[in-house]
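Here is the structure we will look at, set down as structure tokens.
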Amino acid sequence: MRHSHGSGAALELADDTRWNGVATRDARLDGRFVYAVTTTGVFCRPSCGSRRPLRQNVRFFESPGEASDTGFRACKRCRPEDATTTPKLFEDVRRLIEASGDAAMTLDLLARKTGATPTRIHRTFKRVTGLSPKEYQDARRGERLRRHLLEGTSVTRATIEAGYGSTSRVHHRAGDVLGMTPRAFRNRGKGMQIEFGTTSTPLGEMIVAFTDRGVCSVALGDDARSLEADLRAQFSAAEIAPAGAIASERIASVVAALGGADAPVPLDLSGTDFQLLVWRALQRIPRGETRSYSAIAASLGRPTATRAVARACAQNQVAVVIPCHRVIREDGKLGGYRWGVDRKRQLLDQESSSSKP
């Protein structure tokens, strides 16, 4: 559905085009429109490097002023008010990156090709997209890989067409790029039969999905329909149906884990080797205690992998059962949480209170 706003309506982009631009962080669309996220109250430029929102939570506006008038506030990361024009230097750098394939486009190389200083290139690119040129190149390559895999292209061919030099490079960075192994991402649950049920909890709505092997997804949110839509997108090639009588048993086991029960919940998870190591480490954190991201990395013999641990926590498929909420920053601050920092705080407060003698 398109929105009309006065005499400029004939120049508007269709909403599906806008959404595709947001999904791919297409900086070429900066200045053409802004998008607002109803769950955060923030509006951004299309190329914003923040976590991609759910489609049902997005509204499009012709200008930053229109979004502000509706009650949304500007993103501090991408500064959409400054996106009315795209600097020529940015466009030159973007074209070089798009044409580079697998070749690393360092700031020094970009400087030689454009005549600008590395500092100016970095500052301009960061201002327009919220990303460094390297981060942008990685993101675009990852988008191409995801698109080819979802189209059914073989892992090897998708790797080459996305611009990676070898499949080993993709497998090494699969957790960052895909959140799982390339083959698992391409399959998206192909051959799996998944049942699900939803229930209300003190943390909001919860969806529990499971196969005959165990629970494969647990998510928290404000709306059961959105949770179901996310589940179907996550396992788009699987057979998914509301659960029958067994649903109450499966859901009860997860709710019991939320309440502090020690009974193990059988799981059926897909992840990279490193992600599985991290998730097992999280399950060993006692209720009522926390660990820092760096402490988890050190316990795995990977002391420099703090950021990779944080990413593995963000890609946890089964909230509460694998307690990624028990991992905090080194300075004692909570850090992020896939289902909202307020829920993370509520979980930790609940566990701290219940574990006291």
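Read the figures in this text as sums done on the coordinates, not as results from a lab. Small disclaimer: the values here were computed from a predicted structure and weren't measured. Here the Cβ positions follow ideal geometry from the backbone for every residue, glycine too, while neighbour counts run over all protein chains shown.
Could you list which residues have their amide H under 5 Å from that of Ile194, counting only those 5 or more apart in sequence or on another chain, with H placed in the peptide plane?
Placed amide hydrogens put Glu239, Ile240, Ala241 under 5 Å from Ile194.
Which of the trypsin sites (Lys or Arg not before Pro) found in segment 228-329 are loop residues per DSSP with 16 or fewer other Cβ atoms within 10 Å of their Cβ?
Arg284, Arg287, Arg329
So what are the ³J(HN,Hα) numbers for segment 319-332, from phi and the Karplus equation (6.51, -1.76, 1.60; θ = phi - 60°), rounded to whole Hz, Gly and Pro as x?
Going residue by residue, I get 3, 6, 4, 9, x, 5, 5, 8, 9, 10, 6, 4, 7, x Hz, with x marking Gly and Pro.
My understanding is that a pair violates if its Cα-Cα distance is over 20 Å; which of Lys134/Lys344; Lys76/Lys344; Lys76/Lys113; Lys126/Lys344; Lys88/Lys126 do that in this structure?
Lys134/Lys344; Lys76/Lys344; Lys76/Lys113; Lys126/Lys344
Can you tell me the mean projection area, over all orientations, of the convex hull of segment 31-85's alpha carbons? Units nm², please.
Averaged projected area of segment 31-85's Cα convex hull equals 3.3 nm².
Using each residue's phi in segment 340-351, evaluate 6.51 cos²θ - 1.76 cosθ + 1.60 at θ = phi - 60° and report the 3J(HN,Hα) Karplus result to the nearest Hz, with x for Gly and Pro.
So the J values, rounded to whole Hz, are x, 5, 4, 5, 4, 4, 4, 4, 5, 5, 5, 5.
Extending each Cα 7 Å along its Cβ direction at Arg307 and Thr106, get the distance between those two points in nm, one decimal.
In this crude spin-label approximation the distance works out to 1.8 nm.
Using modelled amide H (1.01 Å from N, peptide plane; none on Pro or chain starts), what sits under 5 Å from the amide H of Leu267, excluding residues fewer than 5 places away?
Val215
Averaging the inverse of every distinct alpha carbon separation and then flipping it gives the Kirkwood radius. What is it for segment 194-258, in angstrom units?
Kirkwood hydrodynamic radius for segment 194-258: 11.7 Å.
In terms of modelled amide H atoms, which long-range or inter-chain residues lie less than 5 Å from the amide H of Thr201?
Residues meeting the criterion, in which the H sits 1.01 Å from N, are Met206.
Which ³J(HN,Hα) values in Hz, rounded to whole numbers, follow from the phi angles of segment 65-70 under the Karplus curve 6.51 cos²θ - 1.76 cosθ + 1.60, where θ = phi - 60° and Gly and Pro get x?
Per-residue couplings from phi come out as x, 5, 5, 5, 4, 7 Hz.
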